[in-house]
Every structure is written in C-alpha cells, then in structure tokens.
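Quick notes on the structure that follows.
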Amino acid sequence: MHRAFRSDPADVEMYYKKLVAAHGESSVTTTVVAARMNAARKTNDWVRVHELAAEAEQQGIDTLPLQTIVMDAFWAQGDEASAMRQFHAFVDAPSQRPLDIARAYSWLANLYLRGGRLTEAEATINALEARGVRTNPAAEAIRARVAMARGDLQAATAGVRETIRASRRETFTAVVTELVHAYVAAKDLEGLHKFYKYYAGEYERIHDLRFGPFVIGIQAYTTPENIAQYLPYAEEVFEMIPIQGKYKNSAILKAVVDGYLQAGKVEQAKALVNTASKKGFRVAVPSIEYIDNHSKRMADRAARESANAATSAAHFAATKVAIVAETKVADDAAPAVEAKAADAPIVEKAAAAAAPDVEKPAAAAAEAPKAEVKIEETNAETPKAEVPKTEATKTEAPAAAAPEVDAPKVTAGAPKAAAAQK
C-alpha cells in the first residue's frame, strides 16, 4: 500500500481490502491509514482525507503522525488558519520526535515555497534551527530553492551541498537537477564545472547518484555555440563518474557521442562506443551505425533547411511582385482619373452650347445635374464643337417656352432634348 499510492492510488484500496480480509480490522495501523490518506491526497480528494483521519481517530489509531497530511488538506482547501492549528498541534506535542518536527517544518516551508512566499519559507527553516532541531535534507533543499528563485547561485550551491551532506542515501537528485538547470540558464558553465567536481566526488560516500544531472551539463557543453570551448569539459565530466555503469547508460553515452559528432570527431565517437562494447555493455543507441549515419542525417537536415529557405524566398519574391504590380496599376489609373476630372468643365460647356435658344429648359437642366452627368459620361470623348440644331429641337423649343407648361413637363423634356442633341 505504501508503494502503490505513488504509482496508482486506485490500487491502495484493493490492497487494503485484501489486508482486512486476510488479517481483520486489527491489522489497520497508522501506516495503513497514512497510505490511504496519501492516495486521496494525490487525487486531490481532500474531503476523503478528512474522513479517513476521523475514522482513524474513532478506531483509536494514533493520528499524530497523520496531522501533516491533514494540514496539507486544509492548506489546499484555502483554510490556512486550520492548517496552522494542525501544524502547531503536531510540532508542540510533548512526545514528538525531533526528526518528525523537522519534517513538519520542512513541509510547511515547502507550502510557502510553492506559493512564492520565499521570505516565509526561509523564516520557517530558520525557526526550526532556533528551536534546536537539526535541519534535515528537505529543509536544506528548500533553502537552496529559495536562493535559486532569487538568482543567487552561490547560496543555492551551498544549500545543495548541505542537502547532500545531510543525506545518507540518494534523495536529492531533483534539487541537484534544478541547480544544474540554473547554472545553464545563467550561462555560468565554469561554475557548473566546479560543482560537478564536488558532486562526482560524493560517489565515494553515496553510490547511487543519478546520471541525469551529468547528462544536462554535457548537452550544454556541446551545443553549437559552446562546443568549440567546452567539449573538453564534456569529456572530463564523463571521466569524473567513477563507476562503470556510465558505459551502459544510453542517455549519457549519446550526449558525449553527439558532442564528438558535432565537433567532427567521428573516430573519438566510435572509440567511446567500442570501449563500451569491450566492457560488455551493448546499447542500442548510440551504435556504430548511428555514428556512420551521422553524415547522412546532417545532409538530410541541410537539405530540409535549404528547401525551407528556398520556399520562404519564393514566397517573399511572389509577394513583392504582387505588391509592385498592384502599385503600378494604381499609378497608371491616377492620370486617367485626373484627366477625366479636368475634362468635366469642357463637357458642361458642350452641353450648354447644344441648345442656345432655349431658356427655360436650360434652367431646368441646371436644376437636374444628375441627368447631365450621365450625358457627360456617355459623351466623354465628344469633341468641343457646336452641335447643329435638329427639327426635334426646333419643335420642342416653343413648347418649352410656353408659360402654361408645368415644371414636371419641362424636366421631362430635358432628356428628349439631350437625345436629340446626341
């Protein structure tokens, strides 16, 4: 049950039922309840956490070790006051062990840290020391993370070293990995290399150190912008690891091999893989075939980049041509519009000269500019010349001059006169 809640919380209840069926309710201890509560906590079922704590208390089970889980539930529900009451009830208990007090303080400081409350997180660890209780690795790791959040790599490194010093087994890879990432982000590869020299030396005391932090550094040393200066550092970091297991770790071998290939040192890459093979470690990647295919991979990559560049250039050229063509069309159309506007007065004079003897129709035409505009547009190319009078014009003129004719009839006659002029 204790292991199951870390991988699959649903399995915890299955194991619990098997335990009770085989050994009865008397087999339910504080550890069993803690596993069930942790499973509920992992799924954020905070109501279930409180229910399990209440059931344990009713059954007479010692619930003091469970108070930190209940504290976490209150905190997650936004009830900080209740969480703090649980915390003080736990650490102030007369029978409480210093180790458990340190765990509770670390737990509270971590809650502050996750909320970005760096000052309170640091003050909580200081309060633990003021109480006369030795800090545990978790407390030192929190100090290191607070320093990283503030950008103080020197203090962060000191915190990580204290974390490792206080540990009896490997429980600190996470904070070490965070520190390595912080060094890489700050581009302080020299400082990172100094830390590696210390970290690799801890293999003599703690034999199960992880390779992950080393892989991150080797990859940082062998980027295109760093490889010319820091490839020797990558080789040295690999040599720092004093155990033979590094030759069967695909991740760290591939990081070094890729560095050699990036620098064009194919023979060194093959020598490293062959050394691993001679020691009896055969890994799928990297392999000699992987190294031999490096040139093809680089050629394919260059071809893809070239094709992408060509496509981008063609698209840019097509866009530029379209913009130039559109601008040219607009520039060619501008003189025609200006010329048409300049010809407007000439057309108006031609229309006025078409009926010199007509008085009222001319006045009516002046009141109807829209009809004249249509005529002007139709006869835009008509030369400025005197338009001869037709019979239709002579016939309609007296009718238009008669005083008894209504205005609408005069307006209606204007288009007829225009038609006759045309």
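The values are calculated or read from the model by the stated rules, or taken from the named source; none is laboratory data. Keep in mind that this is a model prediction, so the values were computed, not measured. So basically every Cβ, Gly included, is an ideal-geometry build from the backbone, and we count neighbours across all protein chains shown. Remember, those area values only see protein heavy atoms, side chains included, never the ligands or the DNA or RNA. Shrake-Rupley method; radii C 1.70, N 1.55, O 1.52, S 1.80 Å.
Numbers for the structure displayed
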| quantity | calculated |
| --- | --- |
| Every pair of residues 6+ apart whose Cβ atoms lie under 8 Å, when the first sits in region 176-204 and is under 12 Å from Met240 (Cβ atoms) while the second is acidic (Asp, Glu) and open to solvent by 30 Å² or more (accessible area, probe 1.4 Å) | His193/Glu236 |
| Residues being touching a helix residue (DSSP H, G or I) at 6+ places or on another chain (Cβ under 6 Å) and surrounded by 18 or more Cβ atoms within 10 Å (Cβ to Cβ) - total across region 246-261 | 9 |
| First in region 22-50 and modelled with pLDDT of 90 or more and of a type in the set (Lys, Arg), second anywhere and open to solvent by 50 Å² or more (accessible area, probe 1.4 Å) and not in a helix (DSSP H, G or I), Cβ under 7 Å, 6 or more apart | none |
| Extreme residue, nearest to Phe5 (Cα to Cα), among residues of region 63-94 that are open to solvent by 60 Å² or more (accessible area, probe 1.4 Å) and in contact (Cβ under 8 Å) with a residue 24 or more places away in the chain | Pro65 |
| Condition broken by Ser167, with the remaining ones in (1) closer than 19 Å to Asn249 by Cα; (2) open to solvent by less than 30 Å² (accessible area, probe 1.4 Å); (3) not in a helix (DSSP H, G or I) satisfied | (1) |
| Filter result (open to solvent by 60 Å² or more (accessible area, probe 1.4 Å) and within 18 Å of Phe5 (Cβ to Cβ)) within region 42-62 | Lys42, Thr43, Asn44, Asp45, Val47, Arg48, Glu51, Glu55 |
| Of residues in region 200-245 being of a type in the set (Gly, Ala, Ser) and open to solvent by less than 60 Å² (accessible area, probe 1.4 Å), the one nearest to the chain's Cα centre (by Cα) | Ala220 |
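Each row is one residue, and each column tells you yes or no for (1) open to solvent by 10 Å² or more (accessible area, probe 1.4 Å); (2) in contact with a helix residue (DSSP H, G or I) (Cβ under 8 Å, 6 or more places away or on another chain); (3) at pLDDT below 90; (4) charged (D, E, K, R).
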residue: Ala144; (1), (2), (3), (4): no, yes, no, no
residue: Thr173; (1), (2), (3), (4): yes, yes, yes, no
residue: Tyr183; (1), (2), (3), (4): yes, yes, no, no
residue: Glu190; (1), (2), (3), (4): yes, no, no, yes
